[in-house]
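Trainee: Handing you this structure, nothing more for now.
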Amino acid sequence: MPSTAQVAQLSKFYVSGTPGASITITAITKAAAAVVTATNTLAVGDVLIFGTVTNMPEIAGLLGIVTAASGSSFTVAIDSSGFAAAGTSGTAIPQTFSKVGNVQDFTPDGGTATVIDVTNMDSLAKEKRQGLQDNGNYALTYDADDTDVGQLRLIAARAAQAVVVFKQYYPGGLKIRAWQGFVQKITEPVAGVDKVLRCSATLVVTGPIARG
């Protein structure tokens, strides 16, 4: 069978800035990929955060990656089929992004889940359950550029202790990941003989990772 390996070159990493204008929603379907009815200016690959939606409280706060779009609706990579009911009205906030320039690599550590011990006096061996997922941290490495908007946004997010949205673009079949998080650490440029000035950042994921 031929390999389906994807080449990483042309991958991109983005950090959010000032959000766009709120979108008024008039309906959201219960479906494997939710269809949102709204006056739409979004395009495939755009990311938004849902606000309160009548009859569909489960979607509030979730990131949606747009996978299809028309003038009157858009589809997001959110499986709403298990939600209690279809949404009837609400809002969503589109996110704006700047690409972090000169990125060398971004490495997720995969996170982990808490292991809950449920052993009792009748157990014949240790019994355990899986707790909540922790989606972990990302290590981001990039060549320093004090004029790069994306790098400056990382610095500003750290200074403000802000939760922002990060977006990863992959070429080929993987496409887009988006998640909320904060900048825990940024190193000043490392200097040395026969080296470029290079920085690293530690980004902490909070909540789920959206895939689109």
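Readers should treat all values here as calculations from the given coordinates under stated rules, not as data from a laboratory. Note that the structure is predicted; figures quoted are calculated from it, not measured. Neighbour counts run over all protein chains shown; Cβ positions are idealised from the backbone, glycine included.
Trainee: Using a Gaussian network model of the chain whose springs link C-alpha atoms within less than 10 Å, name the residue from VAL15, VAL44, VAL193 with the highest mean-square fluctuation.
Mentor: In this elastic network of the chain, the residue with the biggest mean-square fluctuation among VAL15, VAL44, VAL193 is VAL193.
Trainee: Highest GNM mean-square fluctuation, the chain, Cα pairs closer than 10 Å: which of GLY172, GLY90, GLY136?
Mentor: Highest fluctuation among the options: GLY172.
Trainee: Using Cα pairs under 8 angstrom and six or more residues apart, how large is the relative contact order of the chain, in percent?
Mentor: In percent, rounded to a whole number, it is 22.
Trainee: Treat every Asp and Glu Cβ in region 1-114 as -1 and every Lys and Arg Cβ as +1, leave all other atoms uncharged, and give the resulting dipole magnitude about the Cα centre to the nearest 20 debye.
Mentor: Result for region 1-114 is approximately 180 debye, rounded to the nearest 20.
Trainee: With springs only between Cα atoms under 10 Å apart, run a GNM on the chain and tell me which of ALA43, ALA160, ALA139 wobbles the most.
Mentor: For the chain, modelled as a Gaussian network with Cα springs under 10 Å, the answer is ALA160.
Trainee: Now, a different point. Which whole-Hz ³J(HN,Hα) couplings does region 184-195 yield from phi under the Karplus relation 6.51 cos²θ - 1.76 cosθ + 1.60, θ = phi - 60°, glycine and proline marked x?
Mentor: 7, 8, 9, 8, 5, x, 8, 10, x, 5, 6, 10
Trainee: What residues have an amide H closer than 5 Å to that of VAL100, excluding those fewer than 5 places away on the same chain, when H is modeled at 1.01 Å from N in the peptide plane?
Mentor: Close amide H contacts, sequence-distant or interchain: PHE13, TYR14, VAL15.
Trainee: Ok, one more. About the Cα centre of region 63-172, how large is the charge dipole given +1 on each Lys and Arg Cβ and -1 on each Asp and Glu Cβ? Please answer in debye to the nearest 20.
Mentor: Rounded to the nearest 20 debye, it is 280 debye.
Trainee: Taking a temperature of 25 °C and a viscosity of 0.890 mPa s, what whole-number D in µm²/s does Stokes-Einstein yield for the chain with Rh from Kirkwood over alpha carbon pairs?
Mentor: This corresponds to a translational diffusion coefficient of 128 µm²/s.
Trainee: Moving on to the next point. ASP194 label point, 7 Å along Cα→Cβ, cut-off 16 Å on backbone N: hits in region 81-108?
Mentor: Hits in region 81-108 for ASP194 at 16 Å: none.
Trainee: Here's something else I'd like to know. Roughly how big is the chain's charge dipole about its Cα centre, with Cβ charges of +1 (Lys, Arg) and -1 (Asp, Glu), in debye to the nearest 20?
Mentor: The dipole magnitude comes to about 240 debye.
Trainee: Using R₀ = 22 Å, calculate the FRET efficiency as 1/(1 + (r/R₀)^6) where r is the Cβ-Cβ separation of THR37 and LYS99; round to 0.05.
Mentor: 0.10
Trainee: Provide the per-residue ³J(HN,Hα) series for region 148-157, in order, calculated from phi with Karplus coefficients 6.51, -1.76, 1.60 and θ = phi - 60°, each as a whole number of Hz, with x at glycine and proline positions.
Mentor: Result, ordered by residue: 7, 4, x, 5, 5, 5, 4, 4, 5, 5 Hz.
Trainee: What is region 99-211's relative contact order, in percent, from Cα pairs under 8 angstrom and six or more apart in sequence? Provide the component values of the computation, followed by the final result.
Mentor: Working: 224 pairs, mean separation 29.7, N = 113.
Answer for region 99-211 is 26 percent.
Trainee: Please give the peptides 117-125, 68-76 ranked by average Cβ packing (other Cβ atoms within 10 Å per residue), highest first, as a rough proxy for protection. Before the final figure, lay out the partial values.
Mentor: Details: 117-125: 7.7, 68-76: 17.0.
With the highest mean Cβ count within 10 Å placed first, the list reads 68-76, 117-125.
Trainee: Okay, moving on. Under 5 Å between amide hydrogens, which residues at least 5 positions from THR52 or on another chain qualify, with H placed 1.01 Å from N in the peptide plane?
Mentor: Excluding prolines and chain starts, which carry no amide H, the hits are THR91.
Trainee: Could you tell me how far the Cα centroid of region 84-126 sits from the Cα centroid of region 2-37, in Å?
Mentor: After rounding, the separation between the Cα centres reads 16 Å.
Trainee: Now, a different point. I want the local charge near LEU197. Using Cβ-Cβ distances under 15 Å, sum +1 for each Lys or Arg and -1 for each Asp or Glu among the other residues. List each step's numbers first, then the result.
Mentor: Values: positive: LYS195, ARG198; negative: ASP143, ASP145, ASP146, ASP148, GLU188, ASP194.
In short, -4.
Trainee: Taking the Cβ of GLY212 as the center, what net charge do the other residues with Cβ under 10 Å away carry, scoring Lys and Arg +1 and Asp and Glu -1?
Mentor: Working: positive: LYS167, LYS175, ARG177, ARG211; negative: ASP46.
Result for the local shell: +3.
Trainee: A further question follows. May I ask you to evaluate 6.51 cos²θ - 1.76 cosθ + 1.60, the Karplus curve with θ = phi - 60°, for each residue of region 22-38 and list the ³J(HN,Hα) values in order in whole Hz, giving x for glycine and proline?
Mentor: In residue order, the calculated couplings are 4, 9, 8, 9, 10, 6, 9, 7, 8, 6, 4, 10, 5, 9, 10, 8, 5 Hz.
Trainee: Let me ask something else about it. Count the net charge of all other residues whose Cβ sits under 9 Å from the Cβ of VAL100, scoring Lys and Arg as +1 and Asp and Glu as -1.
Mentor: It works out to a net charge of +2.
Trainee: Report, by chain and number, residues whose modeled amide H sits under 5 Å from the one on SER73, excluding near sequence neighbours (fewer than 5 apart, same chain).
Mentor: The answer is ALA38, ASN40.
Trainee: Here is a follow-up. Which of GLU188, GLU127, GLU58 comes first, and how do the rest follow, when ranked by fewest Cβ neighbours within 10 Å?
Mentor: Ordered from fewest to most neighbouring Cβ atoms within 10 Å, GLU188, GLU127, GLU58 come out as GLU188, GLU127, GLU58.
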